[in-house]
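Presented below is the structure to which this report refers.
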Amino acid sequence: MKNLAKFLLFVLLLSAAISLLYDYRLKHGGLKFSSGRTPEKYTFASESAINPKQVASLESLNEERRALVKSVVPSVVAVKTTTKMAVRREYGVDPFEFFFPNQRRFRNPRDEALVQNALGSGVIVTNEGHIITNNHVVTDRQGRPVDQIEVQLADGRMKKARLVGADEQVDLAVLKIDEPGVKPLKLADSDDVQPGDFVLAIGNPLGFEETVTDGIISSKGRPNRSDAFADLLQTNAAINPGNSGGPLINLRGEVIGINTVIASTSGGSQGLGFAIPSNTVRTALESVLKQGRIIRGYLGIQSGPLQPGVRNSDSEGVTVGEVISGSPAEQAGLQSGDVIRKFDGHDVKNFNTLQRLVTQAPLDRPVELQLVRNGKPFTLKTQIKEKPVDYESARVLPGRNQPQPQGPGQSNDQETVGGPLASIHVDELTPENARQLDLPPNVEGVLVTGVDPDSGVAELQRGDVIEEINQQPVTSVSDYNKIAASLDPNQPQVLSVCRHRARSFLVLRPR
């Protein structure tokens with residue numbers, strides 16, 4: 001026994017000695033491992049590839065961009081929402097079912113709450129802590145308000161937000177946080193924005209907070225697929241899911257738009273992003289804060305064909321086809337055949353422009369209409385009133401010598417459709433079609449089943465869904481034929497198209 005104890009003691013002392021020797025050699029560099037290779041010789045570059053004096057203007061631009069980003073990022077927030085959904089589930093395995101599979105016994109199901117989280121962006125626009133974002137950021141897939149809204153400030157703090165008001169059509173929502181000392185950004189005059197202007201898009205794409213991308217304004221006046229309240233700004237600045245509700249910024253650090261939608265075949269940025277103009281945002285914000293909702297004005301006309309002898313040009317304004325009874329247009333004395341050239345001092349290029357000017361005009365304030373009646377200049381005054389809920393603001397009368405909309409019981413033969421739409425063949429969109437094409441929920445429209453060759457409509461493909469024609473919703477083949485038959489085949493037509501899970505606009509021009 002004594003020998004065993006001595007042996008164990010010897011082993012312990014030997015292990016301790018080896019460990020101490022190993023540590024000593026390792027610390028003092030005496031322990032070396034041979035890798036079988038000699039170190040590589042390397043020398044780093046000591047000079048820049050170009051003399052900084054040669055790119056002084058670019059260096060200055062770099063510093064200015066840094067200052068711009070640093071000044072606006074603190075006003076951009078991440079909007080985080082939570083929605084609770086009741087789900088009924090059954091738990092446990094019932095051995096009775098193994099022996100009698102055709103008989104099912106009650107398992108005492110439980111109701112559970114399924115929590116869904118979503119992320120968007122927003123921007124602080126008032127000293128009191130009001131935040132602008134998109135309506136679809138603060139609603140679930142069925143369009144219902146979410147249960148909880150929180151915003152994350154640039155310094156990482158989380159604040160509960162209150163929904164002040166929202167509008168589904170214009171896709172804007174106003175939030176409020178109680179936080180003194182916030183830094184709001186100024187809403188610029190988006191009418192001054194021009195294609196080519198430099199812009200920044202800031203938000204939280206795919207959850208990456210405070211992401212900044214840059215680009216230019218690609219175009220103005222893109223039709224808003226859901227509302228005539230305003231046209232959209234188009235930009236090539238990278239916008240991805242999560243950017244919704246974030247600001248589009250100009251060189252002065254002002255908000256010129258709120259990013260709202262992308263056109264994409266992949267679900268990611270392809271350089272086609274759209275923003276709600278800041279003038280629309282300001283009008284909507286003030287309406288929500290004062291009235292609790294967005295107030296839309298209306299004039300009360302339907303557009304008609306140009307009169308004989310009048311040149312067909314965008315600069316010619318809008319021809320009045322019909323005056324709605326009891327409307328501001330009737331009270332002003334507008335007549336069928338009048339051509340509206342200016343609305344409250346603004347040029348009227350087309351019907352979409354007139355719609356936007358009217359819907360944004362203050363209510364019950366005199367506005368001046370400059371028009372041409374019987375070839376002579378004429379001026380009228382009226383007061384814009386709130387548009388009735390059931391008023392159809394985008395109806396267009398059939399052009400001269402154009403087919404009339406078909407009534408009940410009439411044929412749906414597409415030969416009654418003129419222009420480029422005549423080359424498009426459509427069918428009803430069924431739930432099975434929507435599932436096979438992987439369409440977003442609640443898509444309504446007609447399914448493109450074919451396009452005639454050499455029609456000039458190559459951008460449209462079989463399987464596309466046409467949701468709107470010139471901002472007029474299409475829910476059936478009957479709707480499609482009625483709207484298409486009423487259009488002037490000599491004018492461009494704008495289609496709102498859904499392809500799989502990407503939405504875009506397609507302009508069909510007469511050949």
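The values are calculated or read from the model by the stated rules, or taken from the named source; none is laboratory data. The structure presented is a predicted model; accordingly, all values stated were derived computationally and were not measured. Please note: Cβ atoms are built from the backbone with ideal geometry, for glycine as well, and neighbour counts cover all protein chains shown. Please note that ligands, DNA and RNA were not included when accessible areas were found on the heavy atoms of the full protein model with its side chains. Shrake-Rupley method; radii C 1.70, N 1.55, O 1.52, S 1.80 Å.
How big is the accessible area of H500 in square angstrom, nearest 10, if you roll a 1.4 angstrom probe over the protein chains?
H500 has an accessible surface of roughly 100 Å² with all protein chains in place.
At a Cα cut-off below 17 Å, give the lysines reachable from K342, other chains included and same-chain residues fewer than 8 away excluded.
Cα-Cα hits under 17 Å: K376, K381.
Percent of accessible area on the stretch 240-287 owned by carbon and sulfur, 1.4 Å probe?
Result for the stretch 240-287: 53 percent of the exposed heavy-atom area is carbon or sulfur.
Quote the FRET efficiency, to the nearest 0.05, computed for E59 versus E179 with a Förster distance R0 of 30 Å and r equal to the Cβ-Cβ distance. All intermediate terms of the calculation are to be shown ahead of the outcome.
On the way: r = 37 Å, r/R0 = 1.23.
Calculated transfer efficiency: 0.25.
I'd like to check one number: the per residue accessible area of the stretch 135-249, probe 1.4 Å, reported in Å² as a whole number.
Details: 5090 Å² over 115 residues.
Dividing the accessible area of the stretch 135-249 by its residue count gives 44 Å².
Suppose the chain between T265 and A422 were pulled fully straight at 0.36 nm per residue; how much longer would it get relative to their current alpha carbon spacing?
Taking T265 through A422 to full extension adds about 54.0 nm, to one decimal.
Can you give me the distance in nm between label points at R252 and K381, each placed 7 Å from the Cα along the Cα-to-Cβ direction?
Going by the 7 Å Cα→Cβ label model, 3.2 nm.
So, by mean Cβ neighbours within 10 angstrom, what's the order for 248-260, 161-173, 284-296 with the highest one leading? Before the final figure, lay out the partial values.
Working: 248-260: 23.9, 161-173: 20.5, 284-296: 17.7.
Highest-to-lowest ranking by the protection proxy: 248-260, 161-173, 284-296.
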